[in-house]
(Lines give C-alpha, C1' and ligand atoms only; values in the text may rest on other atoms or scores of the structure.)
Protein backbone atom coordinates (compact mmCIF):
# COMPACT_ATOMS: atom_id res chain seq x y z
CA UNK A 1 0.00 0.00 0.00
CA UNK A 2 2.76 2.35 1.04
CA UNK A 3 4.86 1.38 -1.92
CA UNK A 4 1.94 2.09 -4.26
CA UNK A 5 1.44 5.50 -2.77
CA UNK A 6 5.11 6.38 -3.07
CA UNK A 7 5.16 5.12 -6.64
CA UNK A 8 2.20 7.24 -7.68
CA UNK A 9 3.69 10.21 -5.92
CA UNK A 10 6.90 9.74 -7.86
CA UNK A 11 4.94 9.52 -11.12
CA UNK A 12 3.08 12.71 -10.32
CA UNK A 13 6.35 14.51 -9.63
CA UNK A 14 7.82 13.02 -12.81
CA UNK A 15 4.88 14.25 -14.91
CA UNK A 16 5.27 17.72 -13.52
CA UNK A 17 8.94 17.79 -14.42
CA UNK A 18 8.21 16.53 -17.95
CA UNK A 19 5.61 19.23 -18.39
CA UNK A 20 8.22 21.74 -17.33
CA UNK A 21 10.83 20.56 -19.80
CA UNK A 22 8.21 20.73 -22.57
CA UNK A 23 7.50 24.39 -21.95
CA UNK A 24 8.06 26.34 -25.13
CA UNK A 25 9.59 29.79 -25.13
CA UNK A 26 7.31 32.02 -27.20
CA UNK A 27 9.27 35.27 -26.82
CA UNK A 28 12.74 35.83 -25.45
CA UNK A 29 14.41 39.01 -24.30
CA UNK A 30 18.20 38.83 -24.46
CA UNK A 31 20.14 41.64 -22.75
CA UNK A 32 17.40 44.12 -23.58
CA UNK A 33 18.26 47.75 -22.85
CA UNK A 34 16.20 50.83 -23.55
CA UNK A 35 17.38 54.43 -23.75
CA UNK A 36 15.15 57.48 -23.83
CA UNK A 37 17.64 59.97 -25.27
CA UNK A 38 20.66 59.84 -22.98
CA UNK A 39 18.76 58.27 -20.11
CA UNK A 40 18.84 54.50 -19.82
CA UNK A 41 15.51 53.12 -18.61
CA UNK A 42 16.15 49.39 -18.92
CA UNK A 43 19.36 47.44 -18.31
CA UNK A 44 20.32 44.00 -19.64
CA UNK A 45 16.97 42.30 -19.19
CA UNK A 46 16.95 38.58 -19.96
CA UNK A 47 13.41 37.29 -19.77
CA UNK A 48 11.57 34.39 -21.38
CA UNK A 49 7.86 34.48 -22.13
CA UNK A 50 6.45 30.96 -22.21
CA UNK A 51 3.82 29.68 -24.62
CA UNK A 52 0.26 29.60 -23.26
CA UNK A 53 1.26 31.01 -19.93
CA UNK A 54 0.51 34.34 -18.30
CA UNK A 55 3.67 36.22 -17.38
CA UNK A 56 3.12 39.08 -14.93
CA UNK A 57 5.55 42.01 -14.76
CA UNK A 58 5.53 43.73 -11.38
CA UNK A 59 7.55 46.45 -9.67
CA UNK A 60 7.22 50.00 -8.38
CA UNK A 61 6.44 52.90 -10.73
CA UNK A 62 9.31 53.74 -13.03
CA UNK A 63 10.93 50.30 -12.67
CA UNK A 64 10.85 49.59 -16.40
CA UNK A 65 8.11 46.98 -16.55
CA UNK A 66 5.92 48.92 -19.01
CA UNK A 67 9.03 49.89 -20.98
CA UNK A 68 9.90 46.22 -21.36
CA UNK A 69 6.32 45.34 -22.30
CA UNK A 70 6.33 48.00 -25.00
CA UNK A 71 9.53 46.53 -26.46
CA UNK A 72 7.73 43.26 -27.14
CA UNK A 73 5.68 44.72 -30.01
CA UNK A 74 7.96 47.66 -30.78
CA UNK A 75 5.63 50.25 -29.34
CA UNK A 76 8.75 52.14 -28.32
CA UNK A 77 9.35 52.82 -32.03
CA UNK A 78 6.63 55.44 -31.77
CA UNK A 79 8.81 57.47 -29.38
CA UNK A 80 11.50 59.32 -31.37
CA UNK A 81 14.14 59.43 -28.65
CA UNK A 82 13.73 55.76 -27.68
CA UNK A 83 16.49 53.31 -28.60
CA UNK A 84 16.38 49.59 -27.90
CA UNK A 85 19.52 47.46 -27.53
CA UNK A 86 19.90 43.72 -27.15
CA UNK A 87 17.70 41.19 -28.86
CA UNK A 88 14.04 40.21 -28.65
CA UNK A 89 12.78 37.15 -30.48
CA UNK A 90 9.31 35.90 -31.33
CA UNK A 91 9.44 32.20 -32.21
CA UNK A 92 13.21 32.70 -32.56
CA UNK A 93 12.87 35.52 -35.14
CA UNK A 94 14.47 38.81 -34.17
CA UNK A 95 11.58 41.29 -34.04
CA UNK A 96 13.95 44.25 -34.43
CA UNK A 97 15.35 42.80 -37.67
CA UNK A 98 15.00 45.32 -40.50
CA UNK A 99 13.05 42.82 -42.61
CA UNK A 100 10.29 42.61 -40.01
CA UNK A 101 7.04 44.33 -40.94
CA UNK A 102 6.07 46.22 -37.80
CA UNK A 103 2.36 46.28 -38.68
CA UNK A 104 2.38 42.53 -39.09
CA UNK A 105 4.36 42.14 -35.85
CA UNK A 106 1.73 44.13 -33.95
CA UNK A 107 -0.96 41.90 -35.38
CA UNK A 108 0.91 38.90 -33.99
CA UNK A 109 1.66 40.64 -30.70
CA UNK A 110 -1.47 42.58 -29.75
CA UNK A 111 -1.89 45.07 -26.97
CA UNK A 112 -4.54 46.10 -24.45
CA UNK A 113 -4.02 49.37 -22.64
CA UNK A 114 -4.62 50.66 -19.15
CA UNK A 115 -7.54 52.86 -20.09
CA UNK A 116 -10.16 51.28 -22.32
CA UNK A 117 -9.78 53.13 -25.64
CA UNK A 118 -12.48 52.01 -28.05
CA UNK A 119 -12.59 53.85 -31.38
CA UNK A 120 -15.43 56.38 -31.64
CA UNK A 121 -17.26 53.96 -33.88
CA UNK A 122 -19.83 51.21 -33.51
CA UNK A 123 -19.11 48.13 -31.43
CA UNK A 124 -19.04 46.12 -34.66
CA UNK A 125 -16.59 48.48 -36.34
CA UNK A 126 -14.29 48.46 -33.32
CA UNK A 127 -13.75 44.74 -33.75
CA UNK A 128 -13.90 44.70 -37.57
CA UNK A 129 -11.31 47.43 -38.03
CA UNK A 130 -8.20 45.29 -37.50
CA UNK A 131 -9.29 42.32 -39.63
CA UNK A 132 -10.28 44.74 -42.39
CA UNK A 133 -6.94 46.54 -42.64
CA UNK A 134 -5.14 43.19 -42.46
CA UNK A 135 -7.43 41.79 -45.17
CA UNK A 136 -8.51 38.86 -43.04
CA UNK A 137 -12.12 38.79 -44.28
CA UNK A 138 -13.15 38.62 -47.92
CA UNK A 139 -16.90 38.72 -47.51
CA UNK A 140 -19.25 40.43 -45.10
CA UNK A 141 -20.30 37.04 -43.71
CA UNK A 142 -16.63 36.24 -42.91
CA UNK A 143 -16.34 39.53 -41.08
CA UNK A 144 -19.57 38.88 -39.17
CA UNK A 145 -18.08 35.56 -38.15
CA UNK A 146 -14.82 37.14 -36.93
CA UNK A 147 -16.66 39.85 -34.99
CA UNK A 148 -18.95 37.35 -33.30
CA UNK A 149 -16.24 34.89 -32.36
CA UNK A 150 -13.92 37.66 -31.08
CA UNK A 151 -16.68 39.13 -28.92
CA UNK A 152 -17.50 35.66 -27.65
CA UNK A 153 -13.87 34.94 -26.78
CA UNK A 154 -13.74 38.25 -24.92
CA UNK A 155 -16.83 37.18 -22.95
CA UNK A 156 -18.88 40.21 -23.96
CA UNK A 157 -20.99 38.81 -26.85
CA UNK A 158 -24.15 38.26 -24.79
CA UNK A 159 -24.06 41.81 -23.51
CA UNK A 160 -23.67 43.49 -26.92
CA UNK A 161 -25.10 41.13 -29.55
CA UNK A 162 -28.34 43.12 -29.84
CA UNK A 163 -26.67 46.49 -30.18
CA UNK A 164 -23.65 45.97 -32.39
CA UNK A 165 -24.30 49.23 -34.24
CA UNK A 166 -24.27 51.35 -31.08
CA UNK A 167 -21.07 53.29 -30.31
CA UNK A 168 -18.41 51.38 -28.37
CA UNK A 169 -17.86 54.41 -26.21
CA UNK A 170 -21.37 54.01 -24.81
CA UNK A 171 -20.44 50.84 -22.95
CA UNK A 172 -19.44 50.71 -19.29
CA UNK A 173 -15.71 50.80 -18.44
CA UNK A 174 -15.48 47.05 -17.90
CA UNK A 175 -17.38 46.34 -21.11
CA UNK A 176 -15.17 48.78 -23.03
CA UNK A 177 -12.09 46.97 -21.80
CA UNK A 178 -13.46 43.61 -22.89
CA UNK A 179 -14.36 45.21 -26.23
CA UNK A 180 -10.72 46.30 -26.53
CA UNK A 181 -9.65 42.73 -25.75
CA UNK A 182 -12.06 41.51 -28.47
CA UNK A 183 -10.49 44.05 -30.83
CA UNK A 184 -7.02 42.71 -29.98
CA UNK A 185 -8.16 39.11 -30.48
CA UNK A 186 -9.87 39.85 -33.82
CA UNK A 187 -6.59 39.87 -35.76
CA UNK A 188 -5.67 36.44 -34.33
CA UNK A 189 -2.60 37.45 -32.38
CA UNK A 190 -0.22 34.93 -30.85
CA UNK A 191 0.77 37.07 -27.90
CA UNK A 192 -1.38 39.61 -26.05
CA UNK A 193 0.32 42.35 -24.06
CA UNK A 194 -1.75 43.96 -21.32
CA UNK A 195 -0.66 47.17 -19.62
CA UNK A 196 -2.59 47.38 -16.32
CA UNK A 197 -5.80 46.30 -18.03
CA UNK A 198 -7.90 46.47 -14.85
CA UNK A 199 -6.61 49.58 -13.15
CA UNK A 200 -9.56 51.65 -14.36
CA UNK A 201 -12.16 48.98 -13.61
CA UNK A 202 -14.32 48.20 -10.59
CA UNK A 203 -13.82 44.88 -8.73
CA UNK A 204 -16.56 43.02 -10.59
CA UNK A 205 -15.36 44.14 -14.01
CA UNK A 206 -11.83 43.27 -12.85
CA UNK A 207 -12.94 39.77 -11.87
CA UNK A 208 -14.53 39.31 -15.33
CA UNK A 209 -11.33 40.38 -17.08
CA UNK A 210 -9.24 38.11 -14.85
CA UNK A 211 -11.53 35.20 -15.60
CA UNK A 212 -11.15 36.06 -19.27
CA UNK A 213 -7.35 36.17 -19.06
CA UNK A 214 -7.37 32.65 -17.66
CA UNK A 215 -9.55 31.42 -20.54
CA UNK A 216 -7.50 33.23 -23.17
CA UNK A 217 -4.37 31.51 -21.91
CA UNK A 218 -5.50 28.27 -23.61
CA UNK A 219 -5.00 29.86 -27.04
CA UNK A 220 -2.73 32.84 -26.51
CA UNK A 221 0.42 33.78 -24.66
CA UNK A 222 -0.14 36.71 -22.33
CA UNK A 223 2.17 39.25 -20.75
CA UNK A 224 0.53 41.53 -18.21
CA UNK A 225 1.84 44.56 -16.34
CA UNK A 226 -0.02 45.10 -13.09
CA UNK A 227 0.28 47.16 -9.94
CA UNK A 228 -1.97 44.78 -8.06
CA UNK A 229 0.12 42.09 -6.41
CA UNK A 230 -2.98 40.04 -5.74
CA UNK A 231 -3.89 40.22 -9.40
CA UNK A 232 -0.44 39.05 -10.45
CA UNK A 233 -0.72 36.20 -7.94
CA UNK A 234 -4.17 35.26 -9.21
CA UNK A 235 -3.78 35.37 -12.98
CA UNK A 236 -0.16 34.54 -13.77
CA UNK A 237 1.95 31.41 -13.84
CA UNK A 238 5.27 33.28 -14.01
CA UNK A 239 6.14 36.58 -12.37
CA UNK A 240 9.01 38.94 -13.14
CA UNK A 241 9.98 41.65 -10.68
CA UNK A 242 11.59 44.85 -11.98
CA UNK A 243 13.35 47.55 -10.01
CA UNK A 244 15.16 50.69 -11.23
CA UNK A 245 15.34 49.31 -14.76
CA UNK A 246 16.73 45.91 -13.82
CA UNK A 247 15.04 42.53 -13.78
CA UNK A 248 15.45 41.57 -10.12
CA UNK A 249 13.91 38.12 -10.09
CA UNK A 250 11.79 35.89 -12.30
CA UNK A 251 10.13 32.66 -11.32
CA UNK A 252 7.02 30.59 -10.74
CA UNK A 253 4.28 32.86 -9.39
CA UNK A 254 3.46 30.53 -6.49
CA UNK A 255 6.99 30.78 -5.22
CA UNK A 256 7.39 34.50 -5.87
CA UNK A 257 4.49 35.37 -3.60
CA UNK A 258 5.20 32.94 -0.77
CA UNK A 259 8.98 32.71 -0.70
CA UNK A 260 10.83 35.03 -3.09
CA UNK A 261 14.63 34.77 -3.31
CA UNK A 262 15.48 38.45 -3.62
CA UNK A 263 15.12 40.87 -0.74
CA UNK A 264 13.85 43.65 -3.04
CA UNK A 265 11.04 41.38 -4.24
CA UNK A 266 10.24 40.49 -0.66
CA UNK A 267 10.19 44.15 0.37
CA UNK A 268 8.05 45.17 -2.58
CA UNK A 269 5.37 42.49 -2.34
CA UNK A 270 5.08 42.78 1.43
CA UNK A 271 4.71 46.57 1.27
CA UNK A 272 8.05 47.52 2.80
CA UNK A 273 9.55 49.56 -0.03
CA UNK A 274 11.38 52.60 1.32
CA UNK B 1 13.37 43.05 8.02
CA UNK B 2 12.50 46.67 7.27
CA UNK B 3 9.33 48.36 8.31
CA UNK B 4 6.14 48.46 6.29
CA UNK B 5 5.15 51.63 4.53
CA UNK B 6 1.91 51.36 6.53
CA UNK B 7 3.00 51.50 10.19
CA UNK B 8 -0.19 49.97 11.58
CA UNK B 9 0.55 46.81 9.56
CA UNK B 10 3.71 46.37 11.64
CA UNK B 11 1.74 46.95 14.84
CA UNK B 12 -0.80 44.30 13.90
CA UNK B 13 1.89 41.76 13.06
CA UNK B 14 3.60 42.66 16.33
CA UNK B 15 0.44 41.98 18.31
CA UNK B 16 0.08 38.54 16.74
CA UNK B 17 3.68 37.69 17.43
CA UNK B 18 3.30 38.89 21.04
CA UNK B 19 0.25 36.64 21.50
CA UNK B 20 2.28 33.64 20.32
CA UNK B 21 4.97 34.55 22.85
CA UNK B 22 2.37 34.91 25.61
CA UNK B 23 0.77 31.60 24.72
CA UNK B 24 4.18 29.96 24.63
CA UNK B 25 5.08 31.33 28.05
CA UNK B 26 1.71 30.23 29.41
CA UNK B 27 2.16 26.74 27.91
CA UNK B 28 5.57 26.49 29.58
CA UNK B 29 4.18 27.54 32.95
CA UNK B 30 1.23 25.13 32.63
CA UNK B 31 3.47 22.18 31.78
CA UNK B 32 5.85 22.96 34.63
CA UNK B 33 2.95 23.63 37.03
CA UNK B 34 1.08 20.44 36.19
CA UNK B 35 4.09 18.16 36.56
CA UNK B 36 5.15 19.86 39.77
CA UNK B 37 1.61 19.46 41.13
CA UNK B 38 1.67 15.81 40.13
CA UNK B 39 5.01 15.07 41.77
CA UNK B 40 4.24 16.96 44.99
CA UNK B 41 0.49 16.19 45.16
CA UNK B 42 -0.16 19.94 45.19
CA UNK B 43 -3.89 20.34 44.57
CA UNK B 44 -3.88 24.14 44.67
CA UNK B 45 -1.24 24.32 41.97
CA UNK B 46 -3.18 21.78 39.92
CA UNK B 47 -6.27 23.99 40.21
CA UNK B 48 -4.31 26.97 38.95
CA UNK B 49 -3.21 25.03 35.87
CA UNK B 50 -6.82 24.04 35.17
CA UNK B 51 -7.96 27.66 35.35
CA UNK B 52 -4.99 28.81 33.22
CA UNK B 53 -6.39 26.72 30.39
CA UNK B 54 -9.31 29.16 30.07
CA UNK B 55 -6.81 31.99 29.58
CA UNK B 56 -5.01 29.92 26.95
CA UNK B 57 -8.26 29.37 25.05
CA UNK B 58 -9.11 33.07 25.20
CA UNK B 59 -5.65 33.97 23.83
CA UNK B 60 -6.07 31.55 20.96
CA UNK B 61 -9.45 33.05 20.05
CA UNK B 62 -7.96 36.53 20.17
CA UNK B 63 -5.08 35.46 17.95
CA UNK B 64 -7.47 33.86 15.44
CA UNK B 65 -9.52 37.06 15.31
CA UNK B 66 -6.50 39.26 14.81
CA UNK B 67 -4.98 36.98 12.17
CA UNK B 68 -8.21 36.72 10.16
CA UNK B 69 -8.74 40.47 10.34
CA UNK B 70 -5.16 41.13 9.26
CA UNK B 71 -5.50 38.81 6.25
CA UNK B 72 -8.77 40.51 5.26
CA UNK B 73 -7.36 44.00 5.67
CA UNK B 74 -3.77 43.67 4.46
CA UNK B 75 -3.59 40.65 2.17
CA UNK B 76 -0.13 39.80 3.50
CA UNK B 77 2.44 38.32 1.12
CA UNK B 78 5.60 36.21 1.36
CA UNK B 79 7.18 36.24 4.85
CA UNK B 80 4.24 38.21 6.29
CA UNK B 81 1.78 35.66 4.95
CA UNK B 82 3.86 32.80 6.32
CA UNK B 83 4.05 34.52 9.70
CA UNK B 84 0.29 34.99 9.97
CA UNK B 85 -0.71 31.54 8.76
CA UNK B 86 2.11 29.97 10.79
CA UNK B 87 0.88 31.81 13.91
CA UNK B 88 -2.63 30.41 13.51
CA UNK B 89 -1.21 26.90 13.33
CA UNK B 90 1.25 27.39 16.17
CA UNK B 91 -1.54 28.78 18.34
CA UNK B 92 -3.50 25.59 17.70
CA UNK B 93 -0.61 23.46 18.92
CA UNK B 94 -0.01 25.68 21.95
CA UNK B 95 -3.67 25.44 22.86
CA UNK B 96 -3.45 21.63 22.68
CA UNK B 97 -0.39 21.70 24.92
CA UNK B 98 -2.51 23.66 27.40
CA UNK B 99 -5.26 21.01 27.20
CA UNK B 100 -2.78 18.20 27.83
CA UNK B 101 -1.25 20.04 30.79
CA UNK B 102 -4.73 20.58 32.19
CA UNK B 103 -5.42 16.88 31.76
CA UNK B 104 -2.30 16.05 33.81
CA UNK B 105 -3.37 18.57 36.47
CA UNK B 106 -6.82 17.00 36.70
CA UNK B 107 -5.28 13.64 37.63
CA UNK B 108 -3.29 15.09 40.53
CA UNK B 109 -6.15 14.57 43.03
CA UNK B 110 -6.71 10.96 42.03
CA UNK B 111 -3.05 9.95 41.97
CA UNK B 112 -2.43 11.75 45.27
CA UNK B 113 -5.00 9.59 47.05
CA UNK B 114 -3.31 6.38 45.99
CA UNK B 115 -0.24 4.81 47.49
CA UNK B 116 3.12 6.61 47.52
CA UNK B 117 2.98 8.14 44.05
CA UNK B 118 6.22 9.93 44.72
CA UNK B 119 8.25 6.74 44.59
CA UNK B 120 6.60 5.70 41.38
CA UNK B 121 7.09 8.95 39.53
CA UNK B 122 10.87 9.56 39.51
CA UNK B 123 11.26 8.73 35.86
CA UNK B 124 8.26 10.89 34.96
CA UNK B 125 10.04 13.79 36.64
CA UNK B 126 13.02 13.38 34.32
CA UNK B 127 10.72 13.11 31.31
CA UNK B 128 8.80 16.23 32.35
CA UNK B 129 12.05 18.19 32.58
CA UNK B 130 12.92 17.24 29.01
CA UNK B 131 9.46 18.26 27.80
CA UNK B 132 9.63 21.56 29.63
CA UNK B 133 12.98 22.39 28.04
CA UNK B 134 11.46 21.68 24.63
CA UNK B 135 8.35 23.83 25.24
CA UNK B 136 10.37 26.78 26.50
CA UNK B 137 13.02 26.29 23.83
CA UNK B 138 10.68 26.33 20.86
CA UNK B 139 9.17 29.68 21.78
CA UNK B 140 12.58 31.21 22.49
CA UNK B 141 14.16 29.99 19.26
CA UNK B 142 11.20 31.26 17.26
CA UNK B 143 11.47 34.67 18.91
CA UNK B 144 15.22 34.62 18.17
CA UNK B 145 14.47 33.57 14.55
CA UNK B 146 17.01 30.74 14.82
CA UNK B 147 15.94 28.24 12.14
CA UNK B 148 18.88 25.88 12.69
CA UNK B 149 18.10 25.64 16.41
CA UNK B 150 14.45 24.87 15.58
CA UNK B 151 15.46 22.04 13.25
CA UNK B 152 17.67 20.62 16.00
CA UNK B 153 14.95 21.04 18.61
CA UNK B 154 12.53 19.08 16.46
CA UNK B 155 14.99 16.19 16.31
CA UNK B 156 15.49 16.36 20.08
CA UNK B 157 11.93 15.08 20.50
CA UNK B 158 13.50 11.66 20.03
CA UNK B 159 14.89 11.91 23.56
CA UNK B 160 11.37 12.33 24.96
CA UNK B 161 10.23 9.28 23.05
CA UNK B 162 13.08 7.24 24.50
CA UNK B 163 12.20 8.46 27.97
CA UNK B 164 8.54 7.65 27.45
CA UNK B 165 9.41 4.09 26.49
CA UNK B 166 11.38 3.63 29.69
CA UNK B 167 8.64 5.20 31.87
CA UNK B 168 6.15 2.87 30.27
CA UNK B 169 8.26 -0.18 31.08
CA UNK B 170 8.97 1.00 34.60
CA UNK B 171 5.29 1.60 35.44
CA UNK B 172 4.43 -1.78 33.97
CA UNK B 173 6.93 -3.36 36.36
CA UNK B 174 5.42 -1.57 39.37
CA UNK B 175 1.98 -2.78 38.44
CA UNK B 176 3.18 -6.37 38.12
CA UNK B 177 4.99 -6.13 41.46
CA UNK B 178 1.96 -4.97 43.41
CA UNK B 179 -1.58 -4.76 41.99
CA UNK B 180 -2.40 -2.01 44.51
CA UNK B 181 -0.20 0.26 42.37
CA UNK B 182 -2.35 -0.25 39.30
CA UNK B 183 -4.68 2.73 39.80
CA UNK B 184 -1.89 5.20 40.46
CA UNK B 185 0.35 3.80 37.76
CA UNK B 186 -2.42 3.89 35.16
CA UNK B 187 -2.98 7.57 35.92
CA UNK B 188 0.74 8.18 35.75
CA UNK B 189 0.90 6.35 32.46
CA UNK B 190 -1.73 8.71 31.06
CA UNK B 191 0.31 11.62 32.38
CA UNK B 192 3.41 10.26 30.67
CA UNK B 193 1.46 9.81 27.45
CA UNK B 194 0.25 13.41 27.73
CA UNK B 195 3.82 14.60 28.16
CA UNK B 196 4.83 12.61 25.11
CA UNK B 197 1.96 14.21 23.13
CA UNK B 198 3.11 17.64 24.30
CA UNK B 199 6.51 16.80 22.83
CA UNK B 200 4.82 16.01 19.51
CA UNK B 201 3.03 19.37 19.51
CA UNK B 202 6.38 21.04 20.15
CA UNK B 203 7.80 19.38 17.05
CA UNK B 204 4.79 20.65 15.07
CA UNK B 205 5.47 24.15 16.33
CA UNK B 206 9.17 23.83 15.48
CA UNK B 207 8.29 22.70 11.95
CA UNK B 208 5.86 25.59 11.51
CA UNK B 209 8.29 28.11 12.92
CA UNK B 210 11.01 26.80 10.63
CA UNK B 211 8.70 27.26 7.64
CA UNK B 212 7.73 30.76 8.72
CA UNK B 213 11.39 31.77 9.02
CA UNK B 214 12.81 30.08 5.92
CA UNK B 215 9.91 29.38 3.55
CA UNK B 216 11.20 25.78 3.38
CA UNK B 217 9.57 22.68 4.83
CA UNK B 218 11.70 20.42 6.99
CA UNK B 219 11.98 16.88 5.57
CA UNK B 220 8.98 14.73 6.47
CA UNK B 221 10.94 12.03 8.25
CA UNK B 222 12.42 12.61 11.64
CA UNK B 223 13.91 10.09 14.07
CA UNK B 224 11.26 8.30 16.16
CA UNK B 225 11.97 6.22 19.23
CA UNK B 226 8.61 5.41 20.80
CA UNK B 227 8.85 1.65 21.13
CA UNK B 228 5.94 1.10 23.51
CA UNK B 229 3.78 -0.19 20.69
CA UNK B 230 6.31 -2.99 20.26
CA UNK B 231 6.85 -3.47 23.97
CA UNK B 232 3.26 -4.56 24.55
CA UNK B 233 2.51 -8.19 23.76
CA UNK B 234 0.33 -8.44 20.68
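See the values below:
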| item | result |
| --- | --- |
| Filtered residue count, segment B:3-18, keeping only those that are in contact with a helix residue (DSSP H, G or I) (Cβ under 6 Å, 6 or more places away or on another chain), surrounded by 12 or more Cβ atoms within 10 Å (Cβ to Cβ) and facing chain A (nearest Cβ under 10 Å) | 2 |
| Residues being crowded, with 20+ Cβ neighbours inside 10 Å and at negative phi - total across segment A:236-248 | 8 |
| Meets criteria (in a helix (DSSP H, G or I), more than 18 Å from the chain's Cα centre (by Cα) and more than 27 Å from residue A:24 (Cβ to Cβ)) for residue A:145 | yes |
| Number of positions in segment A:211-230 that are away from chain B (no Cβ under 14 Å), surrounded by fewer than 19 Cβ atoms within 10 Å (Cβ to Cβ) and in a helix (DSSP H, G or I) | 3 |
| Selection within segment A:246-267 - within 12 Å of another protein chain (Cβ to nearest Cβ), in contact with a strand residue (DSSP E or B) (Cβ under 9 Å, 6 or more places away or on another chain) and outside any helix (DSSP H, G or I) | A:249, A:260, A:261, A:262 |
| Checking residue A:167 against (1) surrounded by fewer than 21 Cβ atoms within 10 Å (Cβ to Cβ); (2) touching a helix residue (DSSP H, G or I) at 6+ places or on another chain (Cβ under 7 Å); (3) touching a residue at least 40 places away in the same chain (Cβ under 8 Å), the condition it does not meet | (2) |
| Qualifying positions in segment B:118-150 - under 21 Å from residue B:169 (Cα atoms), at pLDDT below 95 and buried (at least 23 other Cβ atoms within 10 Å of the Cβ) | B:121, B:124, B:127, B:128 |
| Verdict on residue A:47 being in contact (Cβ under 8 Å) with a residue 40 or more places away in the chain, in contact with a strand residue (DSSP E or B) (Cβ under 7 Å, 6 or more places away or on another chain) and part of a strand (DSSP E or B) | yes |
| Residues of segment A:90-112 classified as surrounded by 20 or more Cβ atoms within 10 Å (Cβ to Cβ) and closer than 19 Å to residue A:33 by Cα, total | 2 |
| Single condition residue A:233 does not satisfy, out of (1) within 14 Å of another protein chain (Cβ to nearest Cβ); (2) part of a helix (DSSP H, G or I); (3) surrounded by 21 or more Cβ atoms within 10 Å (Cβ to Cβ) | (3) |
| All positions within segment B:193-222 that are within 12 Å of chain A (Cβ to nearest Cβ), part of a loop (DSSP other than H, G, I, E, B) and either without any contact (Cβ under 8 Å) to a residue 40 or more places away in the chain or buried (at least 20 other Cβ atoms within 10 Å of the Cβ) (or both) | B:216, B:217, B:220 |
| Boolean, residue B:2 is out of contact with any strand residue (DSSP E or B) (no Cβ under 6 Å at 6 or more places or on another chain), at negative phi and not in a loop (DSSP other than H, G, I, E, B) | no |
| Residue tally, condition assigned to a helix (DSSP H, G or I) and either more than 8 Å from chain A (Cβ to nearest Cβ) or more than 27 Å from the chain's Cα centre (by Cα) (or both), over segment B:67-84 | 11 |
| Any hit, segment B:21-29, residues being more than 25 Å from residue B:213 (Cα to Cα), touching a helix residue (DSSP H, G or I) at 6+ places or on another chain (Cβ under 8 Å) and more than 14 Å from chain A (Cβ to nearest Cβ) | yes |
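The values are calculated or read from the model by the stated rules, or taken from the named source; none is laboratory data. Computed from a predicted model, the values in this text were never measured in an experiment. Glycine also receives a Cβ, built like all others from the backbone with ideal geometry; neighbour counts cover every protein chain displayed.
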